[in-house]
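Every number in this text was worked out from the coordinates using simple rules, so none of it is lab data. Owing to the predicted nature of the structure, the values given are computational and were not obtained by experimental measurement. When we count neighbours, we look across all protein chains shown, and the Cβ atoms used for this are built from the backbone with ideal geometry, even at glycine.
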Amino acid sequence: MFVITCPYCGARDQTEFAYAHEAHIARPTDPESMSDADWAEFVFMRKNTKGIYAERWMHAAGCRKFFNALRNTATDEFLAVYRIGEPMPEVSAEGPATPCGEQPGSGNDAVKIMADDSGGGGR
Amino acid sequence: MARYSAFRLFREGLRGNSGWRPAWRAAEPKPAYDAVVIGGGGHGLATAYYLAKLHGLTNIAVVEKGWIGGGNAGRNTTIIRSNYLYDESAAIYNHALTLWKTLGRELNFNIMMSHRGVINLAHDEGEARQLKRRVEANRLNGVDAEWLDEHGVKEFCPIINISRDIRYPVIGGTLQRSGGVNRHDAVVWGYARKCDEMGVDILQNCEVTGIRVEAGAVIGIDTSRGFIKTPKLASVTAGHTSVIAAMVGLRLPIESHPLQALVSEPLKPIHPCVVMSNAVHVYCSQSDKGELVIGAGIDAHVSYTQRGSIDIIEHQMGSLLELFPIFSRLRLMRQWGGIVDVCPDASPIISKTPVKGFYINGGWGTGGWKATPGSGHAFADLIANDEPNAIAAPFTMERFVTGNLVAEHGAAAVAH
């Protein structure tokens, strides 16, 4: 379970927060011209990165504001939180050892930090 | 390869068990294969098995990052059922259930398949109506299903609490008598042994680090044990489907979440079936070792850490104790998490991709185990023929463009 730092209220238990999935998915500005494939891309396709992932949280049992966070999904370490509208902060993390971030055959106990270019994992 | 039998067991007992041999070879990677399956879990091995058995492709390999049985195959709660609402789902899950029935004999491996019955509980009128609808839909699809009132539930599972005074009283439930549980390790070991017998190389400790694509077609994979050439590559990597797909620049409609399970200390046989509840959200069965096997929901956030949150466990323990007060003094022995790839419609992806020769089977969400043989069977067909068969066709990636989703979330997918 996480301790999440709400940028408005400070550090609180994860149970106070609702997860709101991948951040920075821009709404289409010209929906009339979009094809079905474009809509599928917007509605369904996700980066689902193993590594640094920009995601939204909502402080449901607190200020009820949405905010963004950068979290390493390979270690669950929060690297930054920032308000909606603010630019994504620069964070640094160790490069990936392997795609799964582990020694082959090691099981999953010793997950390692795996960097991502924050556009990667996707394309 | 020597058959396993009662006679053999007896003979080896007399000979100090000196005659047993490893169930599969420790194969060395060849430079090239006709097809490579990424992922040595249940679905991956089943895929390789049916490729070799039904499609004559024996010059193939299964590459596995860890060891056979060490991934999600060893982390699930082994519940088998096929009582899904929609025709497409009923077709694939019931196909799997049919294969499960004879799989032990077919593999010459005791997979401890136990058709002990699966109950899905209803706790309010709305849920009861929805489950009754599902029973009728199941019957139309040839899936055995029946509705039980709360006394019928109590008769089938005597330890359940049907008091009207609890927060979410049990008012009835559906029963699929052919549902049940089996032994996860035995399934993967059995498949691996048969694959090996047919000449399939099982490459453990072999992690895929890259996929080479030339002119839009797969030409091979880079692994921790060197480059392997192959024209057909099948990804069956539950929990890491997006990571593998990203190697060829594909984005998928998948999010990966931790899903936790727990087992209690062993008890004498007390829990005769599988009980699942979507509303209070817990599912529970008793393994042949006597441990209660308990599971529930995913953590909401994306994570690959195989660790879930304690509040999820608290919630499911609360649910369990309301349904089964008799378990209140039980101690829990182990708790673990696995990573599940969840699609927006809670149905899997069995599909070709824009990259020629690259196939994906994944996104089974929280309930892939029950589909293992059916999934492998349909996927092998897709790989061999380069066209999905009738069972796999509804589960292609195109459905996210056309909108033909198989939306099982409301119907079945909360609890698997």
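Magnitude of the charge dipole for the protein assembly as shown, about its Cα centre and with charges confined to Cβ atoms of Lys, Arg (+1) and Asp, Glu (-1), is about 1660 debye.
Give me A:VAL43, A:VAL81 sorted ascending by neighbouring Cβ count inside 10 Å, so fewest comes first.
Numbers: A:VAL43 12, A:VAL81 19.
The most exposed by this proxy come first: A:VAL43, A:VAL81.
Against chain B, whose longest principal axis is taken from its Cα atoms, helix B:125-140 shows a tilt of about 50°. Using equal-weight Cα scatterers in the Debye expression, the normalised intensity of the stretch B:351-414 in log10 at q = 0.17, 0.21, 0.25 Å⁻¹ is -0.63, -0.95, -1.25.
Quick one: in the stretch B:280-332, what % of C-alpha pairs are over 16 Å apart?
Values: 628 of 1378 pairs.
Everything past 16 Å amounts to 46 percent.
For the stretch B:42-118, the alpha carbon positions stretch 37, 28, 25 Å along the principal axes, listed from largest to smallest.
Would you work out the charge dipole size for chain B about its Cα centre, treating the Cβ of every Lys and Arg as +1 and the Cβ of every Asp and Glu as -1, and quote it to the nearest 20 debye?
Using only the charged Cβ atoms, the result is roughly 1260 debye.
Each of B:HIS301, B:VAL342, B:PHE327 was scored by the projection of its Cα onto the charge dipole of the stretch B:300-350, and the greatest displacement toward the positive side belongs to B:PHE327; charges sit on the C-beta of Lys, Arg, Asp and Glu.
Using only Cα atoms, what is the ratio of the radius of gyration of chain B to 2.2 N^0.38 Å? If you can, show how the numbers build up before the last one.
On the way: Rg = 21.3 Å, N = 416, 2.2 N^0.38 = 21.8 Å.
Output field value: 0.98.
Counted over the stretch A:3-92 with a bin width of 10 Å, the fraction of Cα pairs per bin, in whole percents, is 16, 43, 29, 11, 1. The long axis of helix B:372-385 is offset from the longest Cα principal axis of chain B by roughly 30 degrees.
Can you give the helix-only mean residue ellipticity at 222 nm for the protein assembly as shown, where every DSSP H stretch with n ≥ 4 adds -39500 (n - 2.57) and the sum goes over all residues, rounded to the nearest 500 deg cm²/dmol?
Rounded to the nearest 500, the figure is -7000 deg cm²/dmol.
Using the Karplus relation 6.51 cos²θ - 1.76 cosθ + 1.60 with θ = phi - 60°, the per-residue 3J(HN,Hα) values for the stretch B:188-194 come to 5, 5, x, 4, 4, 5, 5 Hz, with x marking Gly and Pro. Think of chain B as a dipole: +1 on every Lys or Arg Cβ, -1 on every Asp or Glu Cβ, centred on the Cα centre; then among B:ALA32, B:ILE221, B:VAL181, B:ALA32 lies furthest on the positive end. Each listed q (0.13, 0.16, 0.18, 0.21 Å⁻¹) maps to a log10 I(q)/I(0) for the stretch B:121-276, found by the Debye formula over equal Cα scatterers with no solvent: -0.91, -1.04, -1.14, -1.34.
In cubic angstrom, how much convex hull volume per residue do the alpha carbon atoms of the stretch B:1-133 span? If you can, show how the numbers build up before the last one.
Working: hull volume 23.0 nm³, N = 133.
Spelled out: Cα convex hull of the stretch B:1-133, divided by residues, is 173 Å³.
For chain B, the relative contact order is 22 percent, taking Cα pairs closer than 8 Å that sit 6 or more residues apart in sequence and dividing their mean separation by the residue count.
The fraction of all Cα pairs in the protein assembly as shown landing in successive 20 Å bins from 0 to the largest distance is 21, 55, 22, 1, given as whole percents. State the extension gain, in nm to one decimal, for the chain segment bounded by B:ARG11 and B:ALA27, taking 0.36 nm per residue of separation less the distance between their alpha-carbons. This chain segment gains 2.9 nm when fully extended.
Note that the stretch B:232-240 has calculated 3J(HN,Hα) couplings of 10, 10, 10, 8, 10, 10, 3, x, 10 Hz, one per residue in order, obtained from phi through the Karplus relation 6.51 cos²θ - 1.76 cosθ + 1.60 (θ = phi - 60°); glycine and proline are x. Note on A:ASP30 and A:ALA80: with the Förster distance fixed at 25 Å, the Cβ-Cβ geometry gives a FRET efficiency of about 0.20. What the Cα atoms of the stretch B:58-211 give is an Rg and a Dmax of 19.5, 62 Å. Annotation: amide H-H contacts under 5 Å for B:ILE202 (H modelled 1.01 Å from N, sequence separation of 5 or more, or interchain): B:ALA27, B:VAL62. Against the main long axis of the alpha-carbon atoms of chain B, helix B:42-55 sits at an angle near 50°. Beta bridges from DSSP with both residues in chain B: antiparallel share about 70 percent, rounded to the nearest 5.
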